[in-house]
Amino acid sequence: MSQLRATPYTMTINGKGVAGVETMGVVNPASGEVFAQAPVAGAAELDMAVSAAAAAFPKWRATPHKERAAAAINAAKVIAAHADELAEIFTLEQGRPLKFAKEEILGASHWLMSMAKFDIPVDITEDSETRRVEVHHEPLGVVCAIVPWNFPVLLAFWKISHALLTGNVMVLKPSPFTPLAMLKIGEILRDVFPAGVLNIITGGDALGPLMTAHPGFAKISFTGSTATGKRIMASAAQDLKRLTLELGGNDAAIILPDVDVDKVAQELFMGAFYNTAQICIATKRMYVHDDIYDALRDKLHGLAKFLKVGDGMEPDTVFGPVQNKPQYLRVKALMDEARADGLTLLEGRAVPQGSGYFLPLTLVDNPPEDSRVVTEEAFGPILPLLRYSDLDEVIERANNSEYGLAGAVWSSDIDKALAVAKRLDTGTVWINQNLQSTPVTPLGGHKQSGFGVENGMAGLMEFTQPKAIYIPKKATK
Ligand code: NAD
């Protein structure tokens, strides 16, 4: 057992380890069994965390940006130094295979390093003979961060990097399904940021609503489902808390007939099934041109039958279990319903039997456009493949969704693909790529996929408010 796992999991409040009012069991999705206990914060612990953050705010906002950036870089190094131990905890609670878990830990470190390179500008909107007008970007105060279980560390650091580098302070809550890696990261960063700047608390279903209703927060940065996003927006309306909402998606990939099926199949497959298809920006509907439909379907099915779904601690596993029981039951019900409706399901390799949350990677062969596997975000290993023959019509089908997170176009003709990309109503479109995001590029959803963006200068600015100062050139008073 690693050193980090040897000590109990505690929350980080005001730079110190704090136990909860009780503990909750954390389940390993590969076995279905509880393997660790995480603290449960009540209203008192939440108040403590918000007060600690509020007390730390004046000094942190006044800290020169260079010093804040230095602390972020230091944090990035500490996280990278513990990547192996953290990856082990990550795999046990999240299910993703160890090598991919480590990639996420290192990704979080990379994000901190990269976001630290941005300067927070002062914009000059007028510089005339009589006056200069400066627009400063001021921090908001105490930020409430709530993250999901599918990328529990990276998505937390998108929020932490933005908030802390712009001079805000934070109370962060991981998902009750994946609290452990972030609790340990809170522990190893206790000496890196000043006490109270970054607080990490955990709890069950009651804690999120308590947080969003807490008057001490100036902003809520949330990543999760659209349904929860709507509840949070309603809660935030009470005192007009600022919001960034990164929500669900039902992303379409459009495959033009000129692709080389043998070359693109594996990338297309991973773009849909990486992390057992539990990615907001995964391909969730794949529109394939009639000319290549059969060939691509058979290739994808071949990959599903070949690649291993199993326990993430086993070195040859490519896809782990579904992360938690409710999600497993939801996706299983979707598969069962599709089968009962007479749709053609193409199943992948057999999965481990027992109490783990394993489902075979499954393709659905050209289901009707209005079936639930097409219209809903499955967020699990079931992917509809849909035939098309007319480009205008398929763009309309791709856009016919309440979501608008990301999309992809695949073609050997980049100009043609770009013309299609421009017509998709989504926050991101990839051409001949999948699942890409970078610290310098804003990512956010159109329609009900979100509100605001993360990453890039635009993402940073969402944690600030502009303050215009009008400065006369001469003292006239
Ligand atoms: P979820 O909405 O159930 O939970 C997300 C977080 O919100 C958890 O920490 C949960 O405890 C908390 N929460 C639940 N109810 C709450 C409430 N009423 N008030 C405050 N907090 C509450 O989502 P999930 O199942 O953990 O994650 C899957 C969803 O997240 C998918 O829809 C996926 O597309 C989306 N997602 C979006 C992005 C993005 O960047 N757009 C990234 C990852 C995941």
Enclosed volume per residue, in Å³, of the convex hull spanned by Cα atoms of segment 251-431: 112
Per residue, how much space in cubic angstrom lies within the convex hull of the C-alpha atoms of segment 48-145? 143
Near GLU369, within a Cβ-to-Cβ distance under 12 Å, what is the net charge of the other residues, with Lys and Arg +1 and Asp and Glu -1? +1
Got a number for carbon plus sulfur as a percent of the chain's accessible area, 1.4 Å probe? 54
Sum -39500 (n - 2.57) across every DSSP H segment of at least 4 residues in the chain, then divide by the residue count to get the 222 nm mean residue ellipticity, nearest 500. -11500 deg cm²/dmol
Limiting things to C-alpha atoms, what are the Rg and the maximum Cα-Cα separation (Dmax) for segment 381-473, in angstroms? 17.7, 66
Considering segment 239-307, what Rg and Dmax in Å follow from its alpha-carbon atoms? 15.7, 55
Can you give the Rg and Dmax of segment 326-398 based on its C-alpha atoms, in angstrom? 13.6, 47
How large is the Rg to Rh ratio of segment 42-103 when both quantities use alpha carbon positions and Rh follows Kirkwood? 1.15
Can you tell me the order of 420-433, 452-465, 60-73, 191-204 when each peptide is scored by its average per-residue count of other Cβ atoms within 10 angstrom, highest first? 191-204, 452-465, 420-433, 60-73
Using only Cα atoms, what Kirkwood radius does the chain have, in angstroms? 23.3
Quote the relative contact order of segment 251-431 in percent (integer), defining contacts as alpha-carbon pairs under 8 Å separated by 6+ residues. 27
What accessible area per residue, rounded to a whole number of Å², is obtained for the chain using a probe radius of 1.4 Å? 40
Over the alpha-carbon set of segment 148-218, work out the extent along each principal axis and list the three values in angstrom, largest first. 29, 28, 18
Using θ = phi - 60° and the Karplus form 6.51 cos²θ - 1.76 cosθ + 1.60, what ³J(HN,Hα) does each residue of segment 263-275 get, whole Hz, x for Gly and Pro? 7, 8, 4, 5, 5, 4, 5, 5, x, 9, 10, 3, 6
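The values are calculated or read from the model by the stated rules, or taken from the named source; none is laboratory data. Bear in mind that the values here come from a model prediction, so they are computed numbers and not experimental data. Neighbour counts are summed over all protein chains in view; Cβ atoms, including those assigned to glycine, are modelled from backbone coordinates with ideal geometry. The area values use the complete protein model at the heavy-atom level, side chains included, leaving out ligands, DNA and RNA. Shrake-Rupley method; radii C 1.70, N 1.55, O 1.52, S 1.80 Å.
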